[in-house]
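Bear in mind these aren't lab numbers, they're just calculated from the coordinates by the rules spelled out. Predicted model, so just to flag it, every value in this text is computed and none were measured. Here the Cβ positions follow ideal geometry from the backbone for every residue, glycine too, while neighbour counts run over all protein chains shown.
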Amino acid sequence: MNVKRLGILGGGQLGRMFTQAAHRLGYEVVVFSPELESPAGSIAEYEIFAPYDDKESLENFATLTSNISTEFENVPSETLKFLSNIETVDLVSPSASAVEIVQDRIREKSFVKSLDLGLAPYVALKSPEDLETIDFSNLFPGILKIASLGYDGKGQIQVTNMDELKKAYEQLGHKPCVLEKKLNLKMELSIVLARNKYGDIKTFPISVNTHKNGILHMSEVGLHSFSDSIKEEVGGIATEIAKKLNYVGVLCVELFWLEDGSIYVNEIAPRPHNSGHFSIEACTCSQFEQQARILADLPLGDTQLIQPVIMLNLLGDAWFLESADESYPIEPSWAEILTLPGVNLHLYGKKEARRGRKMGHVTIMLKDSHKVRETAKKVAEILK
Ligand code: ADP
Ligand code: MG
């Protein structure tokens with residue numbers, strides 16, 4: 001089998017940036033995606049268009065590549081299992097067993113609890129009978145979160161009492177959920193980590209994240225001075241999680257930093273993460289290149305921060321700034337942004353702009369922290 005070819009499940013922007021990193025290392029890429037002409041598929045050498053449970057197409061995929069990763073959080077674990085059982089396949093990263101845990105909030109939380117790491121008080125809600133038998137009183141105000149397939153704040157409802165909880169649970173179709181206590185957050189942090197099949201680990205610098213309407217808005221890196229003990233604690237949490245999952249690949253841990261100084265695990269993503277996009281410009285080896293290196297059996301790269309950096313997400317909403325009609329998005333003019341020093345624009349090549357849809361991101365990297373902040377403010381102002 002041609003070793004200079006890597007495979008990725010999922011065709012979104014994370015797969016596109018993986019493909020760009022793999023290309024730079026001289027690899028061809030095969031994208032397997034249920035979406036035709038996806039952001040990744042449209043730049044990869046090969047694109048297999050099929051649902052994730054189509055075994056024949058998965059077998060075809062494996063004739064083209066023997067080293068496979070995923071960019072889509074919710075690839076069925078059976079798909080990963082099926083691929084890893086094909087004789088010619090060398091590496092499926094991450095493994096089905098790791099993904100199975102983090103795809104389901106109930107399993108994910110009990111795993112985190114089993115490691116003795118901090119997390120928000122929660123209970124699992126598995127059936128309507130649980131509403132009668134479980135004591136929820138110390139979890140209000142809380143957030144009811146669907147156990148699987150939630151993202152960008154979707155499948156989450158805030159509740160303050162039993163009545164609201166009952167309604168919210170019904171609204172989520174009585175599907176398995178967790179009710180989590182709403183915490184007072186000082187900051188939201190995240191850390192991306194890469195671990196290869198030999199157990200070598202590289203952690204990226206900590207991101208400080210701001211969300212808007214449940215969607216990541218901004219990640220700042222190198223602009224807050226964290227004490228060594230915080231850095232060690234955050235790195236230690238991610239390392240512990242990766243080791244205990246026997247994880248091979250790139251993963252992200254989202255964390256809550258509480259007012260009282262404690263650090264809680266929010267969730268684990270078994271793939272490169274939106275809050276790690278800064279690493280494309282701001283680290284010698286990006287999170288996507290680490291993913292490619294792990295698949296290609298190349299050494300992990302340098303993750304030191306080169307300069308302070310801010311990443312701003314570019315949502316479809318910016319396509320409606322000049323548009324008088326909701327059905328006619330107009331692409332913003334990028335000229336004003338592109339002339340600012342230290343700015344890199346990434347567009348994901350999505351055919352249709354919709355409100356709330358991630359269309360691209362902007363990275364602002366400069367030596368001077370103050371100027372990074374000023375420039376980010378200008379970019380945000382232009383796109384508002
Ligand atoms: P998603 O899968 O949509 O990213 P998260 O569980 O990360 O779901 O929740 C999205 C955002 O909602 C978080 O980044 C945070 O801003 C807020 N949030 C989630 N859970 C809590 C909580 N227990 N307390 C306070 N804020 C929360
Ligand atoms: Mg999240």
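Among the listed pairs Lys145/Lys351; Lys186/Lys212; Lys181/Lys231; Lys109/Lys212; Lys113/Lys231; Lys181/Lys244, give every one whose C-alpha distance is greater than 19 Å.
Values: Lys145/Lys351 30 Å; Lys186/Lys212 16 Å; Lys181/Lys231 26 Å; Lys109/Lys212 24 Å; Lys113/Lys231 21 Å; Lys181/Lys244 26 Å.
Exceeds cut-off: Lys145/Lys351; Lys181/Lys231; Lys109/Lys212; Lys113/Lys231; Lys181/Lys244.
Compute a Gaussian network model of the chain, connecting alpha carbons closer than 10 Å, and tell me which residue from Ser84, Ser229, Ser275 fluctuates the most.
Result for the chain, Cα springs under 10 Å: Ser229 fluctuates most.
Note the full-extension length gain between His370 and Glu326 as 0.36 nm times their separation in residues minus their Cα-Cα distance, in nm to one decimal. Before the final figure, lay out the partial values.
Numbers: separation 44, 0.36 × 44 = 15.84 nm, distance 3.69 nm.
Residue separation times 0.36 nm, minus the Cα-Cα distance, leaves 12.2 nm.
For q = 0.10, 0.17 Å⁻¹, what log10 I(q)/I(0) does the stretch 290-381 give under the Debye formula with an equal point scatterer on each alpha carbon and no solvent?
Values returned for q = 0.10, 0.17 Å⁻¹ are -0.36, -0.83.
Relative to the Cα centre, what is the charge dipole magnitude of the stretch 148-195, using +1 at the beta carbon of each Lys and Arg, -1 at the beta carbon of each Asp and Glu, and rounding to the nearest 20 debye?
Details: 8 positive and 6 negative charges, 31 e Å.
Here the stretch 148-195 has a charge dipole of around 160 debye.
Sticking to Cα atoms, compute the Rg of the stretch 218-367 to one decimal and its Dmax as the biggest Cα-Cα distance, whole number, in Å.
In order Rg, Dmax, the Cα atoms of the stretch 218-367 give 17.8, 52 Å.
How long are the three semi-axes of the equivalent ellipsoid for the stretch 198-249, computed from the Cα gyration tensor as the root of 5 times each eigenvalue, in whole Å, largest first?
Working: eigenvalues 112, 50, 17 Å².
Semi-axes (√(5λ), whole Å): 24, 16, 9.
For Leu223 and Lys244, compute 0.36 nm times the residue count separating them, minus their Cα-Cα distance, and round to one decimal in nm.
Values: separation 21, 0.36 × 21 = 7.56 nm, distance 3.09 nm.
Using 0.36 nm per residue and subtracting the Cα-Cα distance, I get 4.5 nm.
Starting from the alpha-carbon convex hull of the chain, give the projected area averaged over all orientations, in nm². Before the final figure, lay out each step's value.
Values: hull surface 78.5 nm².
It is 19.6 nm².
Under 12 Å Cα to Cα from Lys167, which aspartates and glutamates show up? Leave out anything in the same chain fewer than 8 places away.
none
Ratio of Rg to Rh for the stretch 1-117, alpha carbon only, Kirkwood?
1.01
Treating cross-link reach as a plain straight distance, find the aspartates and glutamates whose alpha-carbon is under 13 Å from the alpha-carbon of Lys197, omitting any fewer than eight places away in the same chain.
The reachable aspartates and glutamates, counting only those whose Cα sits under 13 Å from Lys197, are Asp90, Asp297.
Mind grabbing the base-10 log of I(q)/I(0) for the stretch 75-115 at q = 0.15 Å⁻¹? Debye formula, identical points on the C-alpha positions, no solvent, two decimal places.
Log10 of I(q)/I(0), two decimals: -0.40.
When ranked by the protection proxy of mean other Cβ atoms within 10 Å per residue, highest first, what sequence do the peptides 103-114, 308-319 form? Intermediate values should be presented prior to the final figure.
On the way: 103-114: 18.1, 308-319: 23.1.
Sorting 103-114, 308-319 by mean packing, highest first, produces 308-319, 103-114.
Taking 0.36 nm per intervening residue step and subtracting the Cα-Cα distance, what contour gain separates Leu131 from Ile86 on full extension? Each step should come with its number before you reach the end.
Values: separation 45, 0.36 × 45 = 16.20 nm, distance 4.39 nm.
So the chain would gain 11.8 nm between Leu131 and Ile86.
What ³J(HN,Hα) values, in whole Hz, does the Karplus curve 6.51 cos²θ - 1.76 cosθ + 1.60 give for the stretch 193-208 when θ = phi - 60°, with x put for Gly and Pro?
9, 10, 9, 9, 5, 8, x, 5, 10, 10, 9, 8, x, 6, 9, 9
Choose one answer from Phe204, Phe49, Phe278: the residue with the largest mean-square fluctuation in a GNM of the chain with alpha-carbon springs under 10 Å.
So, out of Phe204, Phe49, Phe278, the one fluctuating most is Phe49.
Say each of Glu37 and Lys181 gets a label point 7 Å from the Cα, pointing the same way as Cα to Cβ; how far apart are those two points in nm?
Computed distance between label sites Glu37 and Lys181 equals 5.1 nm.
Less than 13 Å apart at the alpha-carbon level, and either on another chain or at least 8 residues along: which aspartates and glutamates does that give for Lys350?
Glu35, Glu37, Glu331
Normalised by the number of residues in the chain, what is the relative contact order in percent for Cα pairs under 8 Å and 6+ residues apart?
So the answer I get is 14 percent.
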